[in-house]
């Protein structure tokens, strides 16, 4: 799925799961996204509602493919966000971070 197809309204039932590392997340992320780095997914996937519409994103789409594969194998119906946060930013989707200077690429 493309970044433009991810629903604008995120909630407990519509989740954008960002699997990038902490330093990448700090540069900028989608408002309302849930952050669990890829390596932590096996131990933390219980933090996400299994019944949620789940969209998974990383920087360019590679790591999120692995997260989606794992999550789908444990019972989620997860969808990969193609081309990741780079595409998200290029599409003009909102970004936020601590200092208000969010920038992905």
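The values are calculated or read from the model by the stated rules, or taken from the named source; none is laboratory data. Only a predicted model underlies this, so the values are computations on that prediction, with no experimental measurement involved. Because the Cβ atoms are built from the backbone with ideal geometry, glycine has one as well, and the counts that use them run over all protein chains shown.
Residue 49 satisfies every condition listed in (1) within 14 Å of the chain's Cα centre (by Cα); (2) surrounded by 13 or more Cβ atoms within 10 Å (Cβ to Cβ) except (1). With the structure loaded, tell me whether residue 99 is exposed (fewer than 12 other Cβ atoms within 10 Å of the Cβ) and in a loop (DSSP other than H, G, I, E, B) or whether it fails that test. Against the criterion (exposed (fewer than 12 other Cβ atoms within 10 Å of the Cβ) and in a loop (DSSP other than H, G, I, E, B)), residue 99 qualifies.
Quick one: would you say residue 54 is in contact (Cβ under 8 Å) with a residue 12 or more places away in the chain, in contact with a strand residue (DSSP E or B) (Cβ under 9 Å, 6 or more places away or on another chain), in a helix (DSSP H, G or I) and buried (at least 19 other Cβ atoms within 10 Å of the Cβ)? Considered against the rule, which asks whether it is in contact (Cβ under 8 Å) with a residue 12 or more places away in the chain, in contact with a strand residue (DSSP E or B) (Cβ under 9 Å, 6 or more places away or on another chain), in a helix (DSSP H, G or I) and buried (at least 19 other Cβ atoms within 10 Å of the Cβ), residue 54 comes out as no. Of everything in the stretch 15-37 that is in contact (Cβ under 8 Å) with a residue 40 or more places away in the chain and assigned to a strand (DSSP E or B), the residue that is surrounded by the most Cβ atoms within 10 Å (Cβ to Cβ) is 18. Return the total of residues in the stretch 61-78 being crowded, with 18+ Cβ neighbours inside 10 Å and at pLDDT 95 or above. Looking only at that region, the number is 7.
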